[in-house]
Amino acid sequence: MQNYLIRTIRPTAAASFLLIIVGLIFSGQALSMDQHTWSEQEKAIIRSLSIEALGPLPVDPSNRYSDNPQAAALGKKLFFEDHFSGNMKVSCATCHREDYTFTDNLPLSHGMDTTPRRSMPLIGVAYNSWFFWDGRSDSLWSQALGPIENKLEHGISRTMSAYIISKFYRKEYEELFGPLPDFMEETFPQHARPALDDPDALKAWVLMTPEQREVVNRIYVNMGKSIAAFVRTIMPQPSPFDRYVKQILSGENISSRMALNNDETAGLRLFVGKAKCTNCHNGPLFTNSDFHNIGLPQKVKGEPDKGRAAAITQVLSSEFNCLGQYSDAHPNECPELRFIDTSHKKYVGAFKTPTLRNVAERPPYMHAGQLATLREVLEFYRSQAQNPELSHGNLTDKELDQLEAFLHALSSPITSFQADSK
Amino acid sequence: MKRGLFVIVVLFLLLAGCAAKEEQTSGPIEEMAEGHGHGDVKITKHFDESLTLLTDNNLFSLEMVVPGKQLSMGVNTIEIIVHHATGGDVPQAELTVTPWMPSMGHGVMQKTVVTERGGGLYSVNNVVLSMTGHWQLQVKVVKGDKEDTAVFEFPEVKAMGHEHAMMHAPPPKDLDYSTVKTTPNDAFNVMYKSIGGQIRMNRIHSWELTIKDAAGQPVNDAMVTVVGDMPEHGHGLPTQPEITKVGADGLYRVDGMKFTMPGWWIVTISVMANGMHDSVSFNLNIL
């Protein structure tokens, strides 16, 4: 019987060998084709992540200067201005470094002192609805004003800001916003602000006349609006991932020519599929701009950081919100504030989903820099498999490698307003 | 189902006699009612799943039946059985039920509607809880010259649908994604439409609702609540939508809808009008 089998096989051995070779070639090709073959549904999701789906910069109705190039030029200077600090050493750029994708490399940012949270990435920030990790501002211009009066960050006051503007930026300011008064110590105190953490500055603020306070607030707000006009131009450029999207949408599938290698492509497949990363990291900036408590360990000693829960009343009561007197928006143009979810309990320890564009370029990670590397982040998510909000499937080590590779493919150069550009 | 239970209860009362409080071997469970004063009294519960409480001056003991044992934000219906503290049911009592939010120091605009169903059983309709959080139901009982009150505590009222939400439920196959539905008790027909076409993720947008009654007539003066929920993740909408009556053609406008996650969402629309309330859930697949 055995003999018979061998005998019958032998004449076809050569053919079999040939078949195997041909099979190998075909399966190799099939593999590469499979690798870059996506269902219509997957293609739709992938297209929605592409930078081409981003659309023009959203209008900020609360800031009528947001697309004014002169305001952006002034805002850029203010962004890098060290004078806006208690020690003349801290500018916005201290924690939002141009050479570090407009954030910094510290777990907890350091201005005048160490803050309780990490610096936020600024790329594509104009597309957000809420600002800061907890969304305690509803516009980029009001966000820009927060750190100036924060003791741990710039550590000065709005009156001091007005002094600095009038001394160093009078011409540019007046061209945009009209005449500035003279700031002299006899008429305006240097350190006055409506702060609850600085009784002297608060007292000085209260002793000013309502007209004086209005003058200072206007200057302070215009300063914020100028900085916002600059910051909103900080944008990511097409990444290897975006080039890959173009390729698959045009039907290209030759492995050697694709913008993503095999690991990166496998990572993308996990990202939009099994690992469900797009639950929160969706849209062209890979964020839903919403707030989630993902169960991170508390980094700073002392009171737990309540995150969004504490920010809801802050943004609602802010004099600089979209519905306030310094906003240029019609009340109808403030839907986020109008429909804000005030279920405070739902947001205890919740922080904003950050963009993943250029994420590989800016360790450490999470709102208080709890995790040092992308790998740690992926490991953390894998460890949270029981959390329905974070169920990322049972990912293998190999799959974590692939996801990590994909995240690296989201890096791109960054552009921002240049004085000579339009 | 509920009616069946009620029939069984009535039958039981007829057979056993409600005053026979020693009779406790089958069906009803005897337990200590939680009272504020001293001298807790044993009562015979008619429902296994009910909450029991002795009134403040120990005059009555109350049994409250809440579907799922938990009230939700929105419109709720409960049932209350009033017993004498010593046993025996209390028919023809005057019952007042008031929702109260102790931390906020406020109640709600909507009045509850109490209907006596006989045998000491009272249905309480239109228990409207306007937000999530800690609520109390204050129950006042007046029977003849006797008057007493009790306060039921609901420490964690959640948005509707959360008890199933936390189970991380995957979407069932062949989900009904229709945008027009009749409420389960056939009280209303509800249609929703996203103004401005297809719903886009992460965008605040508005809906238009059309509500009709069982006869197909537009309902223009309903109290409507809209609650969104994501069963796979156990959370609701990231916004608090507002509902405005258009005042004609059964139209209502819902502003402030927003979905921040792709996948299966359930939007539950509760309607209270013409002395009836009913709610209907729509499935959505957000991409």
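The values are calculated or read from the model by the stated rules, or taken from the named source; none is laboratory data. Just so it is clear, the structure is predicted and the values come from calculations on it, not from any experiment. Don't worry about glycine lacking a Cβ; one is built from the backbone with ideal geometry, like all the others, and counts go over all protein chains shown.
Hey, any hits in the stretch A:303-325 for a residue that's of a type in the set (Ser, Thr, Tyr), touching a residue at least 60 places away in the same chain (Cβ under 8 Å) and either surrounded by 18 or more Cβ atoms within 10 Å (Cβ to Cβ) or part of a loop (DSSP other than H, G, I, E, B) (or both)? Break it down stepwise before answering.
Within the stretch A:303-325, the subset of a type in the set (Ser, Thr, Tyr) is A:313, A:317-318.
From what's left, touching a residue at least 60 places away in the same chain (Cβ under 8 Å): A:318.
Remaining after also requiring either surrounded by 18 or more Cβ atoms within 10 Å (Cβ to Cβ) or part of a loop (DSSP other than H, G, I, E, B) (or both): A:318.
There is at least one residue in the stretch A:303-325 that is of a type in the set (Ser, Thr, Tyr), touching a residue at least 60 places away in the same chain (Cβ under 8 Å) and either surrounded by 18 or more Cβ atoms within 10 Å (Cβ to Cβ) or part of a loop (DSSP other than H, G, I, E, B) (or both).
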Restricting to the stretch A:267-302, and then to whatever is part of a loop (DSSP other than H, G, I, E, B), within 11 Å of another protein chain (Cβ to nearest Cβ) and of a type in the set (S, T, N, Q), can you tell me which residue is surrounded by the fewest Cβ atoms within 10 Å (Cβ to Cβ)? A:Asn293
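Residues in the stretch A:257-273 that are under 14 Å from B:Gly263 (Cβ atoms) and either in contact with a Gly (Cβ under 8 Å, 6 or more places away or on another chain) or of a type in the set (Gly, Ala, Ser) (or both): how many?
Residues flagged as under 14 Å from B:Gly263 (Cβ atoms) and either in contact with a Gly (Cβ under 8 Å, 6 or more places away or on another chain) or of a type in the set (Gly, Ala, Ser) (or both) within the stretch A:257-273 amount to 1.
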Pick from the stretch A:321-353 the residues that are among the aliphatic types (A, V, I, L, M) and under 23 Å from the mean Cα position of the chain (by Cα): which of them is farthest from the other protein chains (Cβ to nearest Cβ)? A:Val348
Would you mention how many residues in the stretch B:214-237 are out of contact with any strand residue (DSSP E or B) (no Cβ under 6 Å at 6 or more places or on another chain) and in a strand (DSSP E or B)? 1
Restricting the search to the stretch A:340-379, which residues are touching a Phe, Trp or Tyr at 6+ places or on another chain (Cβ under 9 Å), of a type in the set (A, V, I, L, M) and under 20 Å from A:Pro413 (Cβ atoms)? A:Leu356, A:Val359, A:Leu374
Residues of the stretch A:45-99 being in a helix (DSSP H, G or I), among the hydrophobic types (A, V, I, L, M, F, W, C) and within 19 Å of A:Thr415 (Cα to Cα), which ones? A:Ile51, A:Ala53, A:Ala71, A:Ala72, A:Ala73, A:Leu74, A:Leu78, A:Phe79, A:Cys92, A:Ala93, A:Cys95
Only one of (1) under 20 Å from B:Thr260 (Cα atoms); (2) within 14 Å of chain B (Cβ to nearest Cβ) does not apply to A:Leu356, and that is (2)
Candidate set from the stretch B:104-122 (those that are buried (at least 18 other Cβ atoms within 10 Å of the Cβ) and either of a type in the set (Ser, Thr, Tyr) or not assigned by TED's automatic domain parsing to the domain that holds B:Lys45 (or both)); member that is nearest to B:Pro67 (Cα to Cα): B:Tyr122
A:Leu106 fails exactly one of (1) more than 20 Å from the chain's Cα centre (by Cα); (2) within 24 Å of A:Pro363 (Cβ to Cβ), namely (1)
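Criterion first (within 13 Å of A:His154 (Cα to Cα) and among the β-branched types (Val, Ile, Thr)) does A:Val59 satisfy it?
Working: within 13 Å of A:His154 (Cα to Cα): no; among the β-branched types (Val, Ile, Thr): yes.
Answer is no for this residue.
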Restricting to the stretch B:185-213, name every residue that is within 12 Å of chain A (Cβ to nearest Cβ) and in a strand (DSSP E or B). B:His205, B:Ser206
Would you confirm whether any residue within the stretch A:374-385 is surrounded by 17 or more Cβ atoms within 10 Å (Cβ to Cβ), more than 14 Å from chain B (Cβ to nearest Cβ), in contact (Cβ under 8 Å) with a residue 12 or more places away in the chain and more than 21 Å from A:Pro107 (Cβ to Cβ)? yes
Name, by its number, the condition in (1) touching a Pro at 6+ places or on another chain (Cβ under 8 Å); (2) more than 14 Å from every other protein chain (Cβ to nearest Cβ); (3) under 22 Å from B:Met131 (Cα atoms) that does not hold for B:Val224. (1)
Considering every residue within the stretch A:177-188, establish whether at least one is surrounded by 16 or more Cβ atoms within 10 Å (Cβ to Cβ) and part of a helix (DSSP H, G or I). yes
For the stretch A:124-141, state whether one or more residues are touching a residue at least 12 places away in the same chain (Cβ under 8 Å), of a type outside the set (Asp, Glu) and within 14 Å of A:Val90 (Cα to Cα). no
With A:Arg193, A:Arg213, A:Arg218 as the choices, which residue is at pLDDT 95 or above, basic (Lys, Arg) and in contact with a Lys or Arg (Cβ under 7 Å, 6 or more places away or on another chain)? A:Arg193
What are the pairs with Cβ atoms under 7 angstrom where one residue, in the stretch A:335-349, is acidic (Asp, Glu) and the other, located anywhere, is not in a loop (DSSP other than H, G, I, E, B)? Sequence gap at least six, or different chains. A:Asp341/B:Thr239
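Can you pull out the strands (runs of 3 or more DSSP E) entirely within the stretch B:239-281 that have at least 2 residues that are more than 22 Å from the chain's Cα centre (by Cα), surrounded by fewer than 21 Cβ atoms within 10 Å (Cβ to Cβ) and within 14 Å of chain A (Cβ to nearest Cβ)? Steps first, answer last, please.
Numbers: elements: B:242-245, B:251-257, B:263-273.
Correct list: B:251-257, B:263-273.
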